[in-house]
Amino acid sequence: VLRALVHLRRRLVDLPEALVDLRGRLRHPGEPAVDPEVELPEADLIWAGFSLFFCPPGRWSEVWPKVRAAVRPGGRFGGQILGERDTWASEQEISSFSREDGRALFDGFEIERFEEEEEDGEACSGPKHWHLFHVLARRSA
């Protein structure tokens, strides 16, 4: 997988950077963490490390198609999708998926890695149960 990434052109979009409100103000409780109005540039690699699950479910259908469309043909998406058994999965502003639904997000992509991780651990907020899918998927050329 690392060899494949070396061959990518040097165009990267970091979703946490691109989607989170960076207008120089603090986000207030109840205010969305993701700005669905952001237009993402095309890229060879979209990296969404531990970030997409902060997109509220009601906004997912606005944001996810933009993410998919931003991956150039032959490019890759890398990141994590939150699983349905994660501690945060029941929170109203968190998007989480079953294994089947998580894989379906990448229909039309070649899934190079879809690794499930489930364990008790820590988060910034303290102890939590992690249920994640680590994904690397290549968009068909």
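Annotations for the structure displayed:
- Peptides 93-103, 117-127, 69-79 ordered by packing proxy, namely the average of other Cβ atoms within 10 Å per residue, highest first: 69-79, 93-103, 117-127.
- Burial order of peptide ranges 104-111, 60-67 (average beta-carbon count within 10 Å, highest first): 60-67, 104-111
- Cα convex hull of the stretch 46-141 - mean projected area over all directions, nm²: 5.7
- Net charge over other residues, Cβ less than 14 angstrom from the Cβ of A137 (K, R count +1; D, E count -1): +2
- Counting 0.36 nm for each residue step from S61 to V38 and taking away their Cα separation leaves a gain of 6.9 nm.
- DSSP beta bridges confined to the stretch 34-141 are antiparallel in about 80 percent of cases.
- Taking 0.36 nm per residue of separation and subtracting the current Cα-Cα distance, fully stretching the chain between E110 and W47 would add 21.1 nm.
Bear in mind these aren't lab numbers, they're just calculated from the coordinates by the rules spelled out. The structure displayed is predicted, hence computed values, not measured ones. Here Cβ is always computed from backbone atoms with ideal geometry, including for glycine, and neighbour counts include all displayed protein chains.
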